[in-house]
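Participant: Quick one: the structure is below, and I'll ask about it shortly.
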Amino acid sequence: MATMTRRQVLQTAGASAAALALGAVPATARAAAADKPTDVTLPKLAYAYDALAPHIDERTMNIHHSRHHQAYVDGLNAALKGQKELAGQSLEQLLRNIKKVPQALRQRVINHGGGHYNHSMFWEIMGPKAGGKPGGSIAKAIESAFGSFNAFQKQFTEACMTRFGSGWGWLVLAKDRLEILSTANQDCPLMEGKFPILGLDVWEHAYYLTYQNRRPAYIEAWWNVVNWTAVGQRYAQAMKK
Ligand code: MN3
């Protein structure tokens, strides 16, 4: 992506990438906010808060998006305030090159930048009228990497279940092969040079109101809202990098 212009990136990756690009605000708004070149904003959901019910309830979606994700956006903006040397980078670049972020700022960028990136991805890969099985090249890649879709689901679920405490389960593209892994807190696979294709938030805030301590029930229900078209688009985007 480094060789692409911002315009190309936006055209290629669409609106969700626009929301992830630091400073991706209209030129007029940018001029008005010239003293805040790094401002990021909360991305709008492509569906209503109640659209994923009963699998993910309306109140959970509302709180998760409007409060938890907003807090990561605010935290990232606060961390980067006045950091002009970091302002020209996309969030993806910042996370990929996290060791170049000054040490005093690094953990805040990991927590809030990772939080912003991870949640933006999460909303993108879910939707109503979703679930089922993928098709096309992502389906072939999953079969090739894990043997079958069912074997992939089992291994992904296992990664989510064995993540102790708060974190994420991931399907990532590592170089040219798919891998399953999990991370703690808001750590993003980009920090290990791996591109997130699909991720599941297993922090309790993501499921507690409906499922309480029953993480397995949440994971099982979540497969019904995975938007495989969006996942396939992320895979195609990752293969081009
Ligand atoms: Mn969350």
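Participant: Can you give the FRET efficiency for residue 78 and residue 151, using 1/(1 + (r/R0)^6), R0 = 41 Å, r = Cβ-Cβ distance, to the nearest 0.05?
Facilitator: Values: r = 43 Å, r/R0 = 1.05.
Efficiency at R0 = 41 Å is approximately 0.45.
Participant: Mind giving me the nanometre distance, one decimal, between the label points for residue 205 and residue 67, set 7 Å out from Cα along Cα→Cβ?
Facilitator: Reported label-point gap for residue 205 and residue 67 is 0.9 nm.
Participant: Say the cut-off is 19 Å between C-alpha atoms; which of 140/240; 84/194; 44/240 go over it? Don't skip to the answer; put the middle values down first.
Facilitator: Details: 140/240 17 Å; 84/194 27 Å; 44/240 26 Å.
Going by Cα-Cα distance, 84/194; 44/240 fall outside the 19 Å limit.
Participant: Can you tell me the alpha carbon radius of gyration of the range 107-241 divided by the globular rule-of-thumb value 2.2 N^0.38 Å?
Facilitator: Working: Rg = 14.0 Å, N = 135, 2.2 N^0.38 = 14.2 Å.
Relative to the 2.2 N^0.38 Å estimate, the range 107-241 comes out at 0.98.
Participant: While we're on this one: Scattering from the C-alpha atoms of the range 47-131 alone, worked out with Debye: what is log10 I(q)/I(0) at q = 0.23 1/Å?
Facilitator: -1.03
Participant: Remind me, relative contact order of the range 152-241 in percent, using alpha carbon pairs under 8 angstrom and six or more residues apart? Walk me through the intermediate numbers first.
Facilitator: Details: 117 pairs, mean separation 23.2, N = 90.
Relative contact order here is 26 percent.
Participant: Right, here's the next one. Lys and Arg at +1, Asp and Glu at -1: add these up for the other residues within a Cβ distance under 15 Å of residue 229 and post the number.
Facilitator: Numbers: positive: 129, 133, 234; negative: 124.
Spelling it out: positives minus negatives among the neighbours equals +2.
Participant: Using a simple spin-label model with points 7 Å from Cα along the Cα→Cβ vector, what separation in nm is obtained for residue 240 and residue 143?
Facilitator: Rounded to a tenth, the inter-label distance reads 2.5 nm.
Values in this text are rule-based calculations from the coordinates and carry no lab data. Computed from a predicted model, the values in this text were never measured in an experiment. Cβ sites come from the backbone with ideal geometry, for glycine too, and all protein chains shown count toward neighbours.
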